[in-house]
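The block underneath contains the structure these notes are about, expressed in structure tokens.
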Amino acid sequence: MNTLKYKRPKGTRDIIPEEFELREVLLEKIKKSIRAYGYKFIITPTFEHTELFIRSIGDSTDIVEKEMYTFHDKKGRSYTLRPEGTAPVIRAFLENSIMPPAKLAYIMNMFRAERPQKGRYREFWQVGVEAIGIKDPLIDAEVIEMGYSILKELGAEKLVVLINSIGSIEERQAYKSALLDYLNEKEQDGTLELCNDCKRRKNRNPLRILDCKIDGPKLKDAPKLKEFLSNESLKYFEEIKSYLDKWKVNYREEPRLVRGLDYYNHTAFEIVSEKIGVEDTLLGGGRYDSLVEDLGGPATPAVGWALGLERIINYFYQIPRISGPFYFVATVNEFSKGYAIGLLKKIREWKIPSDMTYEPKSLKAQMKIADRLNAVKAVIVGEDEIKLQKVRVRDLETGKEVLVPEKDLVKIYEEEMARRKGKEVL
Ligand code: HAM
């Protein structure tokens, strides 16, 4: 083959038919579960005014500083491909005057110019939920439990919810200055050397240093965020945990978890699998009580999460071999071809995946193609069969043949599908 002239952009993926079918099955399961918790699905535009993301995610976050795909239109307006779904969903909630309490969910592709690696792409798909207008530990716990159950149902193993309370804005502000004092002191006496990223973060977003993979572990004796939380905040957090205990959700308090988006307050959580390591978070979320107001709406509390679809597929699934058409209609000559075309049309009206060769070919050549397409059964139409008003159905795995009336094709299909159900992903 000649070298390819064009390749897909770095960090993007082609979803080929095998993976497409797997995704359909997974997404059907996910949608069913999410609807069972009372959520309704929504789709927002692929791009938004850049300002929306700066305002919500925060201008000192990695996403806004380095990862947004921003472009200008001919009139000089700045747009950004959505790097996440929460801000657009809240914008849509306000713009469409959706009344709280509202439970909104989405399945949308996101764009972040990150360094690509396994499970980290520049275009990826998130499934997310946002419970808007409710402030009670019960909803935080329910949202977490829902994410945990969905991941479990999808076959993710050894799940742990990492959970933290990052308090109110005021509590976090007080903590921030204590942390800064600590960092400055340690740097001055030469007992702490921050990585380049954290040197930059220190002045813009010092809390992020806590969950830096390099510097976070060096801060074991730094002041603890929890010590700065009010009794009210602590009580809220304790109540969430007591629900999680009751529902047997496997969680672990993670005092250094702060999350990479600025809109969070109080509850912050991530779900990881100890099977694949805690670095590749499967799901992340938290409470964000000021975002609706920040985007111009009335004070409205909210909580939600998003999971990365590719992470689930990469770590817990093998891309299956998919079946080709169920029926491959083969003909013996031009006369039977005319009949076969009518039959194929009927089979398709019954919504049974089916195909033929189109170009004139010998029966042997047609059967070879049926095989290559991984068809399940061949329907052979010859003059004898037409005279008998029947069709010959050959099982392409066993080679067994039966002579049946046309209408039995539906029964054969349904029986085979019922036989396969539960045994295969597809
Ligand atoms: P996030 O932690 O940035 O949160 O992303 C959520 C999930 O998206 C991650 O746990 C991961 O599974 C997946 N993900 C993130 N970046 C990538 C990537 N480059 N490639 C593949 N998967 C990725 C949010 O986006 C928040 N909007 C979640 C939220 C909803 N908070 C409240 N409501």
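The values are calculated or read from the model by the stated rules, or taken from the named source; none is laboratory data. The shown structure was predicted, so the numbers you read here are calculated from the model rather than taken from an experiment. A quick note on method: Cβ atoms are made from the backbone with ideal geometry, for glycine too, and the neighbour counts reach across all protein chains shown.
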> Can you tell me which residues in the stretch 331-379 are outside any loop (DSSP other than H, G, I, E, B) and either outside the structural domain of K407 (by TED's automatic domain parsing) or of a type in the set (S, T, N, Q) (or both)?
Replying inline: T331, S336, S354, Q366
> Could you list, in sequence order, the residues of the stretch 283-312 that are in contact with a His (Cβ under 9 Å, 6 or more places away or on another chain) and either more than 16 Å from the ligand (Cβ to nearest atom) or not in a loop (DSSP other than H, G, I, E, B) (or both)?
Replying inline: G286, R287, V303
> Name the pairs: first residue in the stretch 19-44 and assigned by TED's automatic domain parsing to the domain that holds I98, second residue of a type in the set (S, T, Y) and at pLDDT below 95, Cβ to Cβ under 7 Å, at least 6 apart or on different chains?
Replying inline: L22/Y317
> Would a scan of the stretch 318-337 turn up a residue that is within 15 Å of the ligand (Cβ to nearest atom) and of a type in the set (K, R)?
Replying inline: no
> I276 versus (1) within 15 Å of the ligand (Cβ to nearest atom); (2) aliphatic (A, V, I, L, M); (3) buried (at least 21 other Cβ atoms within 10 Å of the Cβ): which is the lone unmet condition?
Replying inline: (3)
> For the stretch 109-123, what are the residues that are under 24 Å from T50 (Cβ atoms), out of contact with any strand residue (DSSP E or B) (no Cβ under 6 Å at 6 or more places or on another chain) and either within 8 Å of the ligand (Cβ to nearest atom) or not small (G, A, S) (or both)?
Replying inline: R112, R115, P116, R120, Y121, R122
>> Quick test for you: out of L234, L159, L207, L219, pick the one residue that is aliphatic (A, V, I, L, M) and surrounded by fewer than 14 Cβ atoms within 10 Å (Cβ to Cβ).
In response: L234
>> Let me spell it out: the conditions are (1) polar (S, T, N, Q); (2) under 27 Å from the mean Cα position of the chain (by Cα); (3) exposed (fewer than 15 other Cβ atoms within 10 Å of the Cβ), and N265 meets all of them except one. Which number is the exception?
In response: (3)
>> Being more than 9 Å from the ligand (Cβ to nearest atom) and part of a loop (DSSP other than H, G, I, E, B) is the filter here; which residues of the stretch 246-273 pass it?
In response: W247, K248, V249, N250, E254, P255, R256, L257, V258, D262, N265, H266
>> Going by what's in this entry, would Y315 be described as within 16 Å of the ligand (Cβ to nearest atom) and in a helix (DSSP H, G or I)?
In response: yes
>> It is to be established whether one or more residues within the stretch 20-28 are under 21 Å from the mean Cα position of the chain (by Cα), of a type outside the set (S, T, N, Q) and more than 26 Å from V143 (Cα to Cα).
In response: yes
>> Among (1) among the basic types (K, R); (2) within 30 Å of S78 (Cα to Cα); (3) crowded, with 17+ Cβ neighbours inside 10 Å, there is one condition R23 misses while meeting the rest; what is its number?
In response: (2)
>> For V410, only one of the following conditions fails: (1) closer than 14 Å to S354 by Cα; (2) touching a helix residue (DSSP H, G or I) at 6+ places or on another chain (Cβ under 7 Å). What is its number?
In response: (2)
> Of the residues I90, I54, which single one is in contact with a Leu (Cβ under 7 Å, 6 or more places away or on another chain), part of a helix (DSSP H, G or I) and surrounded by 14 or more Cβ atoms within 10 Å (Cβ to Cβ)?
Replying inline: I90
> Do you know which residues across the stretch 59-78 are outside any helix (DSSP H, G or I) and in contact with a helix residue (DSSP H, G or I) (Cβ under 6 Å, 6 or more places away or on another chain)?
Replying inline: S60, T70, S78
> Within the stretch 124-140, can you find the residues that are near the ligand (Cβ under 8 Å from one of its atoms), of a type outside the set (F, W, Y) and under 12 Å from the mean Cα position of the chain (by Cα)?
Replying inline: Q126, G128, V129
> What number of residues within the stretch 57-87 are exposed (fewer than 13 other Cβ atoms within 10 Å of the Cβ) and of a type in the set (F, W, Y)?
Replying inline: 1
